[in-house]
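Read the figures in this text as sums done on the coordinates, not as results from a lab. Since we're looking at a predicted model, the values are computed, not measured. Virtual Cβ from ideal backbone geometry, glycine too; neighbours counted across all protein chains shown.
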Amino acid sequence: MKKKLSSLVVLLILPLGMLLAAEPVAPKGFRSIFNGKDLTGWYGWNPHSSAKLKDEKLAANLKKQREDFSKTWKVEGGELVNGGDGPYATSAEEFGDIELLIEYKTVPKADSGIYLRGTPQVQIWDINQPSLEKAPDRNPNRGSGGLFNNTPKSKGRDPLVVADKPFGEWNSFRIKQVGAQTWVWLNDKLVVDNAVMENFWDRKMPLPAKGPIMLQTHGGEIRWRNIFVRDINAEEAKKLLGK
């Protein structure tokens, strides 16, 4: 009898364990770039902390950021989790024209975002924070999803609508990046419609043709899951750009 009970317990537990460890299932046409199990395919890099460094100092900085990555990021229940500090989670793969699906959940007073081609960013706000007279171009209450690092008052910098869900709930982004043009849907609502993402690193230059996806951490816990990418081919890109 004890043997039968033990076997039953194993049968009940095993499927749950396998389910928790299972890789996320990508929608048709997409592929997963986060396996839901570990940090494979990702490394640590905050480009702002290394942008002005050169030679040995640059190499030392990048080495330390990679070492710090596993200290500040973890995988928990199929989610990529950071407490609010350390280098950004950076994809080892670089991407050009893509459609990106990604879900996140954050906390009050946190500030985060998604870097495309290594460039900031599709912004994530705590929308309960008010606009401040001393910072007229910083308006969290206008909602997440805008291209915050674009020039103030430019198209796409602030989202078209507020689409954020309350804290404790998962938010979902759908982002298309084709050339320098960006489309963003937050929770199925269009918040950026065919706006140019400026090259933050050198505004005189166009957005790089390729680069990593970077998940910013800044000031509070953020959780990510279901990170899927679909490559956009040249024919589709031309149609989207109206060429």
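Tell me, please, whether a residue that is buried (at least 16 other Cβ atoms within 10 Å of the Cβ), in a strand (DSSP E or B) and small (Gly, Ala, Ser) can be found in the range 150-170.
No, the conditions are met nowhere in the range 150-170.
State yes or no: is Asn128 of a type outside the set (Asp, Glu), more than 19 Å from the chain's Cα centre (by Cα) and farther than 21 Å from Asp202 by Cβ?
Yes: the conditions hold for Asn128.
Tell me, yes or no, whether the range 136-143 has at least one residue that is of a type in the set (Gly, Ala, Ser), in contact (Cβ under 8 Å) with a residue 12 or more places away in the chain and within 26 Å of Asp231 (Cβ to Cβ).
No, there is no match, as no residue in the range 136-143 is of a type in the set (Gly, Ala, Ser), in contact (Cβ under 8 Å) with a residue 12 or more places away in the chain and within 26 Å of Asp231 (Cβ to Cβ).
Within the range 190-221, count every residue that is part of a loop (DSSP other than H, G, I, E, B), of a type in the set (Asp, Glu) and either over 18 Å from the mean Cα position of the chain (by Cα) or under 12 Å from Ile114 (Cβ atoms) (or both).
The total comes to 1.
Considering only the range 222-243, how many residues are over 27 Å from Pro108 (Cα atoms), touching a strand residue (DSSP E or B) at 6+ places or on another chain (Cβ under 7 Å) and outside any loop (DSSP other than H, G, I, E, B)?
Total meeting the criteria: 5.
Any residue in the range 226-243 that is touching a residue at least 12 places away in the same chain (Cβ under 8 Å) sitting within a Cβ distance under 7 Å of a residue that is in a strand (DSSP E or B) and of a type in the set (S, T, N, Q)? List the pairs, counting only those 6 or more apart or interchain.
Short answer, once both residue conditions are applied: Ile227/Ser32; Phe228/Ser32; Leu241/Gln181.
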